[in-house]
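Input: a single structure, listed below in structure tokens.
The values are calculated or read from the model by the stated rules, or taken from the named source; none is laboratory data. Because the structure is a prediction, the values reported are computed rather than measured. In case anyone asks, the SASA skips ligands and DNA or RNA and just uses the protein heavy atoms, side chains included. Shrake-Rupley method; radii C 1.70, N 1.55, O 1.52, S 1.80 Å.
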Amino acid sequence: MTSETASNRPEVPDGGGDYELVDASPRDSRGRGAHRSRRRPWVTALVSLASVASVLAAFGLGIAYQSRGPSSVDQMNAVVPVWASVEQRLVTEGIEAAGTVQEGTTVEIKPLRGGILTRQTIAPGQEVSAGDLLGMVNGEPVYGLDGPLPLYRDLAVDDSGDDVLALQRSLTQAGYRVAPTGTVTRSMLAAVENLYRSDRLRVPEGGISSIPHETFVSLPGGTRTVVAVADVASEIGPGEPLVTLRTAPPHVSFRLPAELRGQIAEGTAVEVHTSLGQSSGSVRSIGPFDPGQDAAGGGYDVEVSVADAHVLVPGQSVSIHGAGDRRETLAVPLTALRQESGKTFVEVEDAAGASTTDSTGDLSSEAPTRRVDVQVLRRGQGYAAVVGNLTVGQRIRVQ
């Protein structure tokens, strides 16, 4: 061996011992000797075997302890019933509608004599009572009395008949008492004279001898408000009105949609808004259902009486506002309503009552129910006011 070779050999410590000679070759790129990167094969095999054993053990435990209940698919598809109770509560939708002012009922009063109106004694807006002087035609008075008055002739003392009896009763109702004998007497003529004097009309000396039948006209029943009167100096021909009376005040009418019919009844309070102000009012009548020209125009014609008629102008458009029916009724959640064959019903829990789960834990089992038909009055606040064979507290199915 050459000296060069001997100089490159690593020294062995004194004392001997078992030492393994290691090649002093250059270190690898990671700074460790190449011999340290070599792992023993049996260690790797042992780790792999332990991992496989753990996986197999976990799988075995999963099989052993598998759930005995419904599968996850069954649980996902199961329907869990939801219940609610029948309540006694207020359900209201309110009323918002557009309407029109109607004139009201009017009656034309036509005198039995034609001629020139020589004096105007009443004015529009004035209330007319029995015994009031309505005007002077050709200088002769025209009085209104409660009828009917079947007058067709002038009446003198000792005349008798149904016309006489009717006039005697009308004079008494006007405050001029006459015995209802059916025969003209001097006391009857005196009653007519007193009527004349109440309006400062001239009574002939010695009194009147007859009662001209054109002196009186029949007045309609009810309230009587002057709407129009003929002008002074105008000529009133046969059949022409001397005065027009309103026997019913102006009112408001509107069309109520069918779905809101349950919101109002006769007497329901409302507010009426017009260009002249607003007034309280109440529903006075509801007509039968009118299908209208098309589906959109159907509904119920409603008439509203207004407390302050001064804010109403016939033909004017107005708005009607109301809180609707404020009475408590049986009510159920809207989600409890069912529809079938055009009928509305709810599903009520059967009186027997059964558990919503059976002994096998099947979530699809349901408590028995029975169908109860109902009529929906109105809807609001998530509830429906109903009429049907229900009692407060009954359980009904929502889902």
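Long-range amide H contacts for Gly147: which residues qualify at under 5 Å (H placed 1.01 Å from N, peptide plane, sequence gap of 5 or more or a different chain)?
Answer set, sorted by chain and number: Leu219.
Over the stretch 181-289, how many percent of alpha carbon pairs lie in each 10 Å bin up to the one with the longest distance?
9, 23, 24, 16, 15, 11, 2, 0
Can you tell me the mean projection area, over all orientations, of the convex hull of the stretch 241-286's alpha carbons? Units nm², please.
For the stretch 241-286, averaging the hull's shadow over all directions gives 5.0 nm².
Calculate, axis by axis, the spread of Cα positions in the stretch 241-318 along the three principal axes, and write the results as whole Å, longest axis first.
Dimensions of the stretch 241-318 along the principal axes of its Cα atoms: 44, 30, 22 Å.
Give the long-range amide H neighbours of Ile116: residues separated by 5 or more places, or on another chain, with amide H under 5 Å away, using H modelled in the peptide plane at 1.01 Å from N.
Excluding prolines and chain starts, which carry no amide H, the hits are Asn138, Ile236.
Using square roots of five times the C-alpha gyration tensor eigenvalues, list the equivalent-ellipsoid semi-axes of the stretch 82-238 in whole Å, biggest first.
For the stretch 82-238, the semi-axes come out at 46, 22, 13 Å.
Solvent-accessible area per residue for the stretch 115-198 at a 1.4 Å probe radius, Å²?
Details: 3850 Å² over 84 residues.
Per-residue value: 46 Å².
Across the stretch 299-314, in residue order, what do the Karplus-derived ³J(HN,Hα) couplings come to in whole Hz, using 6.51 cos²θ - 1.76 cosθ + 1.60 with θ = phi - 60° and x for Gly and Pro?
x, 10, 7, 10, 10, 10, 7, 10, 5, 10, 5, 5, 8, 9, 10, x
Quick check: from the Cα gyration tensor, does the stretch 76-125 come out rounded (a/c under 1.5), prolate or oblate?
prolate
Report the gain in length on full extension from Arg177 to Gln399: 0.36 nm times residue separation, minus Cα-Cα distance, nm rounded to one decimal.
Values: separation 222, 0.36 × 222 = 79.92 nm, distance 7.73 nm.
This chain segment gains 72.2 nm when fully extended.
Computed over the Cα atoms, what is the radius of gyration of the stretch 209-354 divided by 2.2 N^0.38 Å, N being its residue count?
Against the compact-globule rule of thumb, the ratio is 1.69.
Compactness ratio of the stretch 99-179: Cα Rg over 2.2 N^0.38 Å, N = residue count?
Scaled against compact globular proteins, the figure is 1.32.
Need one word for the stretch 167-233: rounded, prolate or oblate. Basis is the Cα gyration tensor (sqrt eigenvalues a ≥ b ≥ c); a/c below 1.5 gives rounded, then a/b vs b/c decides.
oblate
Check Ala384: other-chain or 5+ apart residues with amide H under 5 Å from its amide H, H built from backbone geometry?
Val332, Leu334
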